[in-house]
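The values are calculated or read from the model by the stated rules, or taken from the named source; none is laboratory data. Keep in mind it's a predicted model, so treat the numbers as computed, not measured. Here the Cβ is made from the backbone with ideal geometry for all residues, glycine too, and neighbour counts use every protein chain on show. Protein only, heavy atoms only, side chains kept; ligands, DNA and RNA dropped before computing areas. Shrake-Rupley method; radii C 1.70, N 1.55, O 1.52, S 1.80 Å.
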Amino acid sequence: MPLRPLNRQQTWLLPPTLDELISDDHPARFVASVVDSLDSAFWEKLSIVIEGDPLGAPAYHPRALLCVWLYGFMTGTRSSRKLEAACRDQITYLWLTGWQHPDHNTLWRFYKEHRGEMRHLFKLSIKTAVKMNLIDLAVQAIDGSKIAANAAKERSYDAKGLDKLLEHTEKIIKELEQENEKSNDPPPVHLPERLRKAEQLRTEVKAAIEQLAGDGKGKII
């Protein structure tokens, strides 16, 4: 059969809008809607002027940082270093941030400065998902524990079940904070300076493969 062409240098005559990059039913849209629905009282508790400060260097929009943490929480990516990498590599996070790339220091500093309200937002999101009967989304957020998996099958949640779900949520939040306080995750891997030009990278890759073949170590098993 014929092969589809592969061209990593291709450009779009009419580039897509950012909103076209994720589907209408993507759960990231729920996260964005939750953050966009936060009222002025929430931002006042965070002591954040949502319009920004006209003085000083431009900062990341707090809605973008909240979206990163909330989507990471809902999908099991809770390390600030892993979130940094996701903001660089994953379309979903690029959509949530408006194609911005906050680093792990910025993300963790924001979390620590607003720890109490971040915890509240995580729990609010779980309760909102349950209220809207998005049980699978709530289950995913607490790592698919046994109690949540049973609830997902029933597709409903009573007050007692919600209380247990929130207990699990509290546990996950504590694990998130401990993981980031320890900061044991290695930094993202990057190519060294000499390999950042495509031609040099191809040359060295080819040379390495040829050397392995010559040593008898480059056979495909």
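Over the stretch 63-125, give the accessible area per residue in Å² for a 1.4 Å probe, as an integer.
Details: 2340 Å² over 63 residues.
For the stretch 63-125, the solvent-accessible area averages 37 Å² per residue.
Taking a Cβ cut-off of under 10 Å around LYS112, the surrounding Lys, Arg, Asp and Glu residues balance to a net charge of -1, with basic ones at +1 and acidic ones at -1. Between HIS61 and LYS82, the modelled label-to-label distance comes to 2.7 nm, taking each label 7 Å out from Cα in the direction of the beta carbon. The length gained on full extension between ARG109 and GLU181, counted as 0.36 nm times the residue separation minus their Cα-Cα distance, comes to 24.8 nm.
Only protein heavy atoms count here; on that basis, with a 1.4 Å probe, LYS174 has an accessible area of about 100 Å². The relative contact order of the stretch 1-94 comes to 27 percent, based on Cα pairs under 8 Å that sit 6 or more residues apart.
Kindly flag which residue pairs out of LYS82/LYS164; LYS123/LYS182; LYS127/LYS182; LYS45/LYS82; LYS131/LYS182 have an alpha-carbon separation exceeding 25 Å in this structure. Intermediate results must be reported in sequence, preceding the final value.
Details: LYS82/LYS164 28 Å; LYS123/LYS182 23 Å; LYS127/LYS182 29 Å; LYS45/LYS82 28 Å; LYS131/LYS182 34 Å.
Check vs 25 Å cut-off fails for LYS82/LYS164; LYS127/LYS182; LYS45/LYS82; LYS131/LYS182.
By the scheme Lys and Arg +1, Asp and Glu -1, what is the net charge of all other residues having a beta-carbon under 12 Å from that of LEU195? So the surrounding residues net to +1.
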